[in-house]
1. Exactly one of these conditions fails for residue 53: (1) away from the ligand (no atom under 16 Å from the Cβ); (2) open to solvent by 50 Å² or more (accessible area, probe 1.4 Å). Give me its number.
2. Specify which of the listed residues (16, 10, 64) is touching a residue at least 60 places away in the same chain (Cβ under 8 Å) and more than 23 Å from residue 161 (Cβ to Cβ).
3. On the basis of being of a type in the set (Ser, Thr, Tyr), within 15 Å of the ligand (Cβ to nearest atom) and at pLDDT 95 or above, does residue 194 make the cut?
4. Output the residue which, of all residues in region 163-186 that are at pLDDT 95 or above and more than 26 Å from residue 226 (Cα to Cα), is most open to solvent (accessible area, probe 1.4 Å).
5. For residues in region 62-121 being over 15 Å from residue 155 (Cα atoms) and among the aromatic types (Phe, Trp, Tyr), which is farthest from the ligand (Cβ to nearest atom)?
6. So for region 67-77 (the condition being touching a Lys or Arg at 6+ places or on another chain (Cβ under 8 Å), more than 27 Å from residue 177 (Cα to Cα) and not basic (Lys, Arg)), does at least one residue qualify?
7. I'm checking my understanding of the structure. Among residues of region 122-135 that are touching a residue at least 12 places away in the same chain (Cβ under 8 Å) and charged (D, E, K, R), which one is farthest from the ligand (Cβ to nearest atom)?
8. Take the residues in region 136-161 that are near the ligand (Cβ under 8 Å from one of its atoms), farther than 18 Å from residue 4 by Cα and among the small types (Gly, Ala, Ser); name whichever of them is surrounded by the most Cβ atoms within 10 Å (Cβ to Cβ).
Amino acid sequence: MRIDILTLFPQMFQSPFSCGIFQRAIDRKLVEVNLHNIRDYTHDTHHTVDDYAYGGGAGMVLKPEPIFEAVESIKSDIKEGAGGLPIILLTPQGRLFSQQMAQELSRCKHLILICGRYEGVDERVCEQLVTDEISIGDYVLGGGELAAMVVVDAVVRLLPGVLGSEASPLDDSHSSGLLEYPQYTRPPEFRGWSVPEVLLSGNHAQIAKWRREQVILRTLERRPELLDKADLCAEERQLVDRLKNHLPRELNSSHSPTPG
Ligand code: 6GU
């Protein structure tokens, strides 16, 4: 996969892309990341990338010309046609990023990411150039750079060959639409806290059953809205209903204790 990132701060990307699985993916040529400084696509002596907003108001708006020119220069550099090349603007106005979107993007050969900055980006960029606008959550960051790193991380780890063979992205939290079961390693007892008995039993059927119950219980406690969309069998739906009916106080009190 090739990823081109347009930003005013390319140096922000240096350390995340030079560590761990990311560096390995780059070394193995599973992914190629090209950083482009939007300022390099200006033509005036001051290298102006932003300007005042028409209609007034505080804050500067990123100008359209350098962003269009940067994207057009990247496009002219590649063989494939315009179709199927996502051009993504990272902005709090975008669609909320999800594991499903990461999976979809991981199937693309090439991505272009544009990091918004300042108070916004000229709307003609959104309307005429970008194919998707993505936000990573309901909070405001100083710019799209950290959001682009989040998207790139989530996508790259899904590329074939990036993770070790034993770790499968299919086991991830959220790829099933549910949270993960709790994990333990040695020692079996630490400061008086024991690993659940069943995990030491060697009974694989019991372990699988316990883990599945933990997945459902944990999702019900922490992210109940995920269960509505999750892929559960009839028996598991019944378990959810039983837990909901029989443990409402415990479930509520574990995260929002009620006084008295
Ligand atoms: Cl993509 N950009 C900015 N500036 N803030 C955000 C965001 C993106 N996603 C959540 N907050």
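1. Tallying (1) away from the ligand (no atom under 16 Å from the Cβ); (2) open to solvent by 50 Å² or more (accessible area, probe 1.4 Å), residue 53 fails exactly one: (2).
2. Within the list 16, 10, 64, the selection yields 64.
3. Spelling it out, it is not the case that residue 194 is of a type in the set (Ser, Thr, Tyr), within 15 Å of the ligand (Cβ to nearest atom) and at pLDDT 95 or above.
4. Checking each candidate, the answer is 186.
5. 68
6. Pass one, region 67-77, residues touching a Lys or Arg at 6+ places or on another chain (Cβ under 8 Å): none.
Scanning region 67-77 turns up no residue that is touching a Lys or Arg at 6+ places or on another chain (Cβ under 8 Å), more than 27 Å from residue 177 (Cα to Cα) and not basic (Lys, Arg).
7. Step by step, filter region 122-135, then rank; the result is 124.
8. Taking the candidates together, the pick is 137.
The values are calculated or read from the model by the stated rules, or taken from the named source; none is laboratory data. Model, not experiment: these values are computed from the prediction. Note that each Cβ is placed from the backbone with ideal geometry, even for glycine, and that neighbours are counted across all protein chains shown. With ligands, DNA and RNA removed, areas are computed over all heavy atoms of the protein, side chains included. Shrake-Rupley method; radii C 1.70, N 1.55, O 1.52, S 1.80 Å.
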